[in-house]
Amino acid sequence: LIGSGLNILREIALASFAHHLVTATMNLELHSPGSPHVQVNLEALIGSLTDAEQTGVPMPLQLTFGSGQIHHQGKALRGPSLQAGQLLRLCEERSVRSLTFHPQLDAAEILRFLILLKALQHRDAFDRGKIAAAFGVAGIRHVSIGTAEPTPSAEPRDDSHEPPPPGLAGYQALADCVQENHVLALHGRALDVQVVMGVVEQTAQDLMEGPSGLLGLASHDNVDRFTVGHSVRVALLALQVGRAADVSRDELIRVGTAALLHDIGKSKVPQEILFKAGRLEQEEWREMAKHPRLGAEILLEQRELDPSAVGTAFCHHLAPAGLGYPRPEFPFEPSGVSKLVRVCDVFEALTSVRPYKKALTPIEAYTVMFRNEPDFDPLWLRFFVRVLGLYPTGLRIRLTCGQEAVVTGPGRALHQPWVQIQPPSGDDSPPEDGAPAKFEIGEPVHGVVHEIQSVITHDRSVPVGEGDAQILTQHSHGACLGRLGEDPDPLRQ
Amino acid sequence: LIVPIYVVMGSDSTDGRLQAELHETVERVQRRIRGELQNTSSLPVAMFNACDPMIEAVLAHAASTVFLEHMLTSADLHVMEITGPAVEDVRPHEMQALGRQLAAEDEQGPPSLMGGLTRERLWVLLDLVVKGSAQARIGAATRLHETITEILDPGQLDPMLLGQVASLLQEACLRDDMPSLLRDLLDQAAGQHLEQDQAPGEEKP
């Protein structure tokens with residue numbers, strides 16, 4: 001038990017380090033190097049390096065980059081990789097294939113290294129022969145790099161990278177798109193609307209060809225950085241439901257674009273409020289509640305953008321009967337796109353991890369949403385559930401036979417999806433009992449009817465059987481609904 | 001772990017004191033379990049020190065959860081106000097009932113996804129004209145003018161929408177803070193709307 005616990009702690013420390021590294025890259029786009037946000041993040045980065053050392057991760061800690069992912073000892077760090085597009089691109093452009101961090105590293109030195117890595121004028125510094133001189137000038141002694149070009153000092157090539165999971169490139173493109181446009185919005189520059197629409201169009205195509213890969217990745221993205229993960233997942237949900245709503249391809253792209261940019265106004269909310277861990281004070285709440293109107297203002301400036309995105313940014317916290325925020329100057333009924341995005345927004349918030357709450361399972365989230373049904377358009381709420389089912393595509397489950405599976409698509413009934421058996425980590429052997437890899441729940445397979453025993457979230461395994469009367473969750477979710485008097489948004493951490 | 005919590009629960013503490021005692025109890029439990037783990041494990045003590053924040057967090061959560069569950073069922077303690085986020089329970093029977101309810105409902109076609117977009121655009125633009133930043137007001141007023149001009153296009157006239165727009169603009173123009181642009185738009189929209197409703201030969205109001 002202790003051994004397993006230590007392995008988990010090592011994995012947590014490693015993932016935390018990689019997450020902080022990705023965040024640090026992003027932070028330097030948003031803030032000056034002396035900003036408190038940068039400093040806090042870098043100190044956390046160094047803290048997680050110390051944690052990694054103390055939990056037994058071999059030092060110096062080496063991360064390698066390949067197949068679109070961050071790896072440690074050949075194993076992909078999937079969660080951190082999902083939003084690491086920018087870091088991976090930076091490294092690829094400079095032919096950096098590994099970074100090695102020594103435990104003596106401190107926040108000031110890692111900052112100097114990241115500035116060197118990011119600054120365009122220093123691209124030459126990463127050429128062979130110039131690295132040592134550049135690092136010497138910058139005072140970088142506890143970070144070393146491995147380049148694609150073999151050098152006498154470079155470590156031997158390691159080509160044992162895990163192959164990228166299906167949908168990874170698409171997910172990273174969406175995340176990159178949100179990140180870059182939030183930075184542009186923060187600096188008051190024009191958004192890259194054509195790129196956004198291109199990425200959304202590709203995503204719609206990917207969802208049509210094989211939704212489970214892309215949607216399955218969402219369950220690995222458990223850190224919400226600058227609301228990027230949230231925006232990506234809301235867009236994926238909106239595209240998934242929009243596809244089922246008999247709309248044209250162009251209309252679907254408009255819906256996906258509106259969903260992806262719905263929270264762009266948060267780029268203008270002070271980060272100390274957006275990422276505050278505790279409850280918001282009244283004044284902070286007022287600042288936070290401005291983000292829908294700020295988002296509409298930002299999007300209004302983008303002449304190429306479809307106006308539905310402006311309306312969605314404004315309306316995604318508006319509920320029927322005048323509930324929600326902002327209070328419009330003249331009351332009106334939001335459009336179908338805004339009603340759908342509102343449902344997606346709350347569902348995503350409920351089913352994702354936040355520092356102050358655990359992730360609900362989809363059925364738990366539906367229960368909370370139906371309990372607060374007046375907060376939603378009832379037709380869209382029901383249609384959303386019908387399209388996603390009680391076990392949405394990409395959800396991880398455990399079957400009554402004990403095997404783990406992932407939902408690959410809706411079945412004939414809400415509670416009987418198609419599933420695919422997942423081999424245990426590192427085990428490539430075929431499923432037991434000769435069962436096919438894919439089948440529909442409730443249908444006999446070689447005389448055995450497989451049922452769902454539990455739903456697996458980031459941190460829980462929640463049984464779905466009858467008769468269990470224990471309290472399953474005790475976490476605040478009122479905030480996710482944007483009620484007055486409660487934190488207006490669950491995503492500001 | 002449970003015993004000290006019951007000790008706290010059994011006391012007739014006031015609100016503040018009870019909370020202080022809870023924290024103290026949690027800390028005591030944390031220290032004790034940590035000590036026992038260290039004593040019974042063959043792992044170096046440094047390992048526990050390294051993991052300390054996580055162990056503490058987990059124990060604090062576990063102890064608080066147990067305490068809250070018992071506290072909520074204890075009539076003696078209902079006077080204590082629970083500060084912090086609201087507690088929301090999701091119970092299996094409620095989820096199962098919802099599952100059955102949804103499965104039993106008739107399948108309906110999709111609601112209109114693209115419905116109401118023009119109306120939403122107008123109302124949002126009008127809101128931004130009034131409440132937006134200085135720059136947004138100018139942009140919104142320009143877009144509003146463009147949108148209403150489109151609506152007034154005789155080839156695409158939607159009488160119901162036009163009526164709504166006329167009412168909206170009329171309401172907006174009654175306010176003192178409306179830009180003059182909106183008054184012009186009201187003239188256009190309301191005039192056109194009235195023409196739609198007016199019988200031939202009838203005198204214009």
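Descriptive notes on the structure:
- Here the simple spin-label model places points 7 Å from the Cα toward Cβ, and for B:GLU107 and A:ARG141 these points are separated by 7.0 nm.
- Mean per-residue shielding of peptide A:174-186 is 0, counting Cβ atoms of other chains within 10 Å of each Cβ.
- Overall, the anisotropy analysis places the range A:183-269 in the oblate class: the square-rooted eigenvalues a ≥ b ≥ c of its C-alpha gyration tensor yield a/c not less than 1.5, with a/b not exceeding b/c.
- B versus A: buried accessible surface, summed, Å² (probe 1.4 Å, to nearest 100): 5700
- Available extension along the chain between A:GLU451 and A:LEU379 is 23.0 nm, counting 0.36 nm per residue and deducting the alpha carbon span.
- Ranked packing of B:110-122, A:89-101, A:28-40, most packed first, by mean Cβ within 10 Å: B:110-122, A:89-101, A:28-40
- Low-density loop positions, trypsin sites (Lys or Arg not before Pro), the range A:228-332 - DSSP coil, at most 13 other Cβ in 10 Å: A:ARG303
- Per residue of peptide A:362-372, the mean number of Cβ atoms on other chains within 10 Å of the residue Cβ is 5.
- Peptide-level mean, for A:295-301, of C-beta atoms on other protein chains within 10 Å: 4
- Overall shape: prolate for the range A:223-341, with the ratio a/c of the largest to smallest alpha carbon gyration tensor axis at 1.5 or above and a/b above b/c.
- Förster radius 30 Å - calculated FRET efficiency between A:GLN205 and A:ARG412, Cβ distance, rounded to 0.05: 0.70
The values are calculated or read from the model by the stated rules, or taken from the named source; none is laboratory data. Because the structure is predicted, anything quoted here is derived from the model rather than measured. Don't worry about glycine lacking a Cβ; one is built from the backbone with ideal geometry, like all the others, and counts go over all protein chains shown. Please note that ligands, DNA and RNA were not included when accessible areas were found on the heavy atoms of the full protein model with its side chains. Shrake-Rupley method; radii C 1.70, N 1.55, O 1.52, S 1.80 Å.
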